[in-house]
Amino acid sequence: GAVVSQHPSWVICKSGTSVKIECRSLDFQATTMFWYRQFPKQSLMLMATSNEGSKATYEQGVEKDKFLINHASLTLSTLTVTSAHPEDSSFYICSARGPLLGSYEQYFGPGTRLTVT
Amino acid sequence: KQEVTQIPAALSVPEGENLVLNCSFTDSAIYNLQWFRQDPGKGLTSLLLIQSSQREQTSGRLNASLDKSSGRSTLYIAASQPGDSATYLCAVGDDYKLSFGAGTTVTVRA
């Protein structure tokens, strides 16, 4: 149980276009999801916390107008990279808060590799 | 702000040797600590989760200890195998967030 999926697994887009990444909890309801990005040979950096039915909370330095997050249901959160630039190329990973009440465990998706040309 | 440090950054051992990976954190007010494995270009695989009230967790050849007072955790991997080659990440959960270390990249030589 506690499986999280991401789609697509990889995407290539042209500079200036927008790209949407989906994060789904397959077998549990997730009121909270998290979005991370990881540059090559670096660790994961939290971008934002996504709560179902409310606005996302962004970490300092993350542009909320560039990285649009929508958590419209208890099983789906989306990250849209708007007007993408080559420096947005990265590995984006989502996670979802576990199903047990009071549990702070996060379950991670397999990641999405974004390349902006 | 929680700072998580992992030492060493890289480790190369012959097959069969035991692995010891270290993780330290600055704020002891944590809810849990997780160890993950990440293969190149892949997502995270959760290895062990230690709740703040626990001192260790074991799963097969893996054992992780937690000392909150000193801000340290250690991951032991017994009798290493080439398939254990990967990057191992330590993540500390405090409040609603996970703070990650930079990882230890392990190479097990056959």
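Please arrange A:Asp65, B:Asp84 by how many other C-beta atoms lie within 10 Å of their C-beta, fewest to most. Can you show the working numbers first?
Values: A:Asp65 8, B:Asp84 18.
Ascending number of Cβ neighbours within 10 Å: A:Asp65, B:Asp84.
All other residues with a Cβ under 12 Å from the Cβ of A:Phe91 taken together, and with Lys, Arg as +1 and Asp, Glu as -1, what is their net charge?
+3
Could you work out Rg/(2.2 N^0.38 Å) for segment A:68-117, with Rg from alpha carbons only?
1.39
Once phi is turned into ³J(HN,Hα) by the Karplus curve 6.51 cos²θ - 1.76 cosθ + 1.60 with θ = phi - 60°, what whole-Hz value does each residue of segment A:62-68 show in order, with x for glycine and proline?
9, 7, 5, 7, 8, 10, 8
Using the eigenvalues of the Cα gyration tensor, what equivalent ellipsoid semi-axes result for segment A:29-75 when each is taken as the square root of five times the eigenvalue, whole Å, largest first?
Output for segment A:29-75: semi-axes of 21, 13, 8 Å.
Exposure proxy check: A:Glu59, A:Glu87, A:Glu105 ranked by fewest other beta carbons within 10 Å? Intermediate results must be reported in sequence, preceding the final value.
On the way: A:Glu59 13, A:Glu87 9, A:Glu105 19.
Taking fewest neighbouring Cβ atoms as first place, the list is A:Glu87, A:Glu59, A:Glu105.
Which whole-number percent of Cα pairs in the protein assembly as shown have a distance greater than 25 Å?
On the way: 10488 of 25651 pairs.
Result for the distance tail: 41 percent.
Just to be sure I understand the model, the point goes 7 Å from the Cα along the line to the Cβ. What's the resulting A:Lys41 to A:Asn70 distance in nm?
Going by the 7 Å Cα→Cβ label model, 3.8 nm.
Could you give each residue of segment B:58-68 its phi-based ³J(HN,Hα) in whole Hz, using Karplus coefficients 6.51, -1.76, 1.60 with θ = phi - 60°, and x for Gly or Pro?
Each residue of segment B:58-68 in turn: 10, 8, x, 7, 9, 9, 10, 10, 9, 10, 5 Hz.
Could you give me D for chain A, from Stokes-Einstein at 10 °C and 1.306 mPa s, where the hydrodynamic radius is the Kirkwood radius over C-alpha pairs? Units µm² s⁻¹, please.
Answer from the Stokes-Einstein relation: 113 µm²/s.
Listing A:Met33, A:Met45 from the residue with the fewest other Cβ atoms within 10 Å to the one with the most, what is the order?
So the ranking, lowest neighbour count to highest, is A:Met45, A:Met33.
List the residues, sorted by chain then number, that are 5 or more residues from B:Glu17 or on another chain and whose placed amide H is less than 5 Å from its amide H.
B:Ser80
Past the 18 angstrom mark, what percentage of all C-alpha to C-alpha distances in segment B:16-110 do you count?
Value for segment B:16-110: 41 percent of Cα pairs lie more than 18 Å apart.
Which Cys residues of the protein assembly as shown have no other Cys Cβ less than 4.7 Å away and so no disulfide-compatible partner by this rule?
Those would be A:Cys13, since no other cysteine Cβ in the protein assembly as shown comes under 4.7 Å of theirs.
Which whole-Hz ³J(HN,Hα) couplings does segment A:41-52 yield from phi under the Karplus relation 6.51 cos²θ - 1.76 cosθ + 1.60, θ = phi - 60°, glycine and proline marked x?
6, 10, 8, 7, 10, 5, 9, 6, 10, 10, 10, 4
Just so you know, all these numbers are worked out from the coordinates, no wet-lab data involved. Because the structure is predicted, anything quoted here is derived from the model rather than measured. No Cβ is skipped: glycine too gets one built from the backbone with ideal geometry, and neighbour counts run over all protein chains shown.
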